[in-house]
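Reading through the structure tokens given below for one structure.
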Amino acid sequence: MWVQLIRFLLRRLAVSLPLVVGVVFVTFMLVRIGGGDPVALLAGPTASAQEHAAIRKDLGLDKPLVAQFGIYITKAAQGDLGQSWLSSKQVGDEIAKRALVTLELLLWGVAIGALVGIPLGARAAARRGSLFDQVVRAVSLAGFSIPTYWLGLIAILTFFYALGLSPAPMGRLDAAMITPDRITGSYFIDALLRGQWEVARSAWAHLVLPVMTVAVVACAPIMKHTRAIAAEIVDSEFIRFARSSGLGERRIRGMVLRNSMVPVLTFVGTEIVGLLGTSSLIELIFSWGGIGQWGLQSILNGDFAAIQGYVLFAALLSVVVFIVIDAANFLLEPRGRERT
């Protein structure tokens, strides 16, 4: 089985890498064709034409677009993503510093959203037409409809301003706290590992509100799709046969949930990837400082090198997430092994 799994994942990887290159190529071209001129921003309003030309040459913007992409992808394959044109910091270093900050937010939020949404969606499917089902459908619809930034602002207004239960949405630690030495990139986990309990408490207090915002955003679609998937399985012939054979409802619910796990798990993977873009607004509202906020600011500032690094990270994250999901589905679904 493990040999089959390795072959299966290698095939997935072989298909995914050209897609990553394609995504980076499209982004590279669109940013240069449709974006603003960073040379004017860097040179300033009083720069001469000669200074504009010198900056353009220094950034490599005087070369044809295809040649620019060839240089970029060659350096990227060697781990060099270039420098931010505005901050002069290495893009790779910025991604490495900020990626785990965003992943902490995403993974906690999606995990909580899945733990709440999957059981509620499955139960609603088993009780279609009941009051419980109608409430679940209404809640999931409301979750779909609420804008992310509005939800974050309402959370701040309620729990920080009105009730005083949350710290100020100004980063991941209180201003008086000393940042723990980096181990995982998570202030909360790093402080626990270092035995810095006050720092861990502060990090946890700052983590709760943005994580709950992500969890609400993730829970609604997970709940809705789980209900739809489970309802289809409830209506399937083998479930009707199991019920007519006298199996108890608890056993039948277990069969429905087990047969729903592969499509539901796949959808949860898409939520992790999709929420990377959504998290940029949440990070901006809470001054979280992760890669989502950094990527959004890079887009607004027209920082080509940073935008390309952000898109490359998003593409690679998609590949990693779906490879992990594929591996889990391979282990959960025996029928998929026969096709490898």
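The values are calculated or read from the model by the stated rules, or taken from the named source; none is laboratory data. Because the structure is a prediction, the values reported are computed rather than measured. We place every Cβ from the backbone using ideal geometry, glycine too, and count neighbours over all the protein chains shown.
General observations
- Filter pass, Val216 being touching a residue at least 12 places away in the same chain (Cβ under 8 Å), of a type in the set (Val, Ile, Thr), within 30 Å of Arg240 (Cα to Cα) and part of a helix (DSSP H, G or I): no
- For segment 80-96, the set of residues classified as without any contact (Cβ under 8 Å) to a residue 60 or more places away in the chain and either part of a helix (DSSP H, G or I) or closer than 19 Å to Phe25 by Cβ (or both) consists of Asp80, Asp93, Ala96, listed by residue number.
- Pro263, sole failed condition from (1) surrounded by 21 or more Cβ atoms within 10 Å (Cβ to Cβ); (2) touching a His at 6+ places or on another chain (Cβ under 9 Å): (1)
- Residue check for Asp133: under 24 Å from Ala230 (Cβ atoms), at pLDDT 85 or above and either touching an Asp or Glu at 6+ places or on another chain (Cβ under 9 Å) or not aromatic (Phe, Trp, Tyr) (or both): yes
- Residue check, Ile154 of a type in the set (Val, Ile, Thr), assigned to a helix (DSSP H, G or I) and crowded, with 19+ Cβ neighbours inside 10 Å: no
- If you go through segment 112-141 and keep only what is in contact (Cβ under 8 Å) with a residue 40 or more places away in the chain and under 18 Å from the mean Cα position of the chain (by Cα), you end up with Ile112, Gly113, Ala114, Gly117.
- Residues located in segment 157-185, provided they are of a type in the set (Gly, Ala, Ser) and assigned to a loop (DSSP other than H, G, I, E, B): Gly164, Ser166, Ala168, Gly171, Ala175, Ala176, Gly185
- Among the numbered conditions (1) without any contact (Cβ under 8 Å) to a residue 60 or more places away in the chain; (2) hydrophobic (A, V, I, L, M, F, W, C); (3) within 18 Å of Thr184 (Cα to Cα), the only one that Ile239 does not meet is (3).
Conditions (1) under 26 Å from Ala168 (Cα atoms); (2) among the polar types (S, T, N, Q); (3) in contact with a Phe, Trp or Tyr (Cβ under 6 Å, 6 or more places away or on another chain); (4) free of Cβ contacts under 8 Å to residues at least 40 places away in the same chain, marked per residue:
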| site | (1), (2), (3), (4) |
| --- | --- |
| Thr226 | no, yes, no, no |
| Glu232 | no, no, no, yes |
| Ser244 | no, yes, no, yes |
| Gly254 | no, no, no, yes |
| Arg258 | no, no, no, yes |
| Met261 | no, no, no, no |
| Gly274 | no, no, no, yes |
| Gly277 | yes, no, no, yes |
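- Test for Ile183: is it touching a helix residue (DSSP H, G or I) at 6+ places or on another chain (Cβ under 6 Å) and loosely packed, with under 14 Cβ neighbours inside 10 Å: yes
- Residue check, Met223 within 26 Å of Ser260 (Cα to Cα), surrounded by 15 or more Cβ atoms within 10 Å (Cβ to Cβ), touching a Leu at 6+ places or on another chain (Cβ under 6 Å) and not charged (D, E, K, R): yes
- Number of the exception - Leu247 against (1) modelled with pLDDT of 80 or more; (2) part of a loop (DSSP other than H, G, I, E, B); (3) farther than 30 Å from Ala203 by Cβ: (1)
- Pick from segment 192-208, criterion touching a Pro at 6+ places or on another chain (Cβ under 7 Å), in a helix (DSSP H, G or I) and not small (Gly, Ala, Ser), ranking: surrounded by the most Cβ atoms within 10 Å (Cβ to Cβ): His206
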